[in-house]
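Enquirer: One structure is given below, represented as structure tokens, and several questions about it will come after.
Each reported figure results from applying straightforward, stated rules to the coordinates on display, with no laboratory input. Predicted, not measured: the structure shown is a model, and the values here were computed from it. Please note: Cβ atoms are built from the backbone with ideal geometry, for glycine as well, and neighbour counts cover all protein chains shown.
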């Protein structure tokens, strides 16, 4: 990753990578669809190039992260968390 993003972006000890789950490339596993959020903080030309590479879509023209976030993945995660919050206390009382 250092070669792609540059040493200055990842020089800190204890690197903590925050990422989003993209819906592209379609039919890839979740781990193959992660995009580090730091990519969106790079110079625009580099950012567009990296997004195209990660999404495996060289003709991509819309680089607003809201357009390629896998919203279904996140809805499923929130639903699962809500279910745990409701069912675990109910099971402990029953």
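Enquirer: Send over the per residue convex hull volume for region 29-94, Cα only, as a whole number of Å³.
Expert: Hull volume normalised by residue count: 106 Å³.
Enquirer: How do 62-74, 46-58 rank on mean C-beta neighbours within 10 Å, highest first?
Expert: Peptide ranking by packing, descending: 46-58, 62-74.
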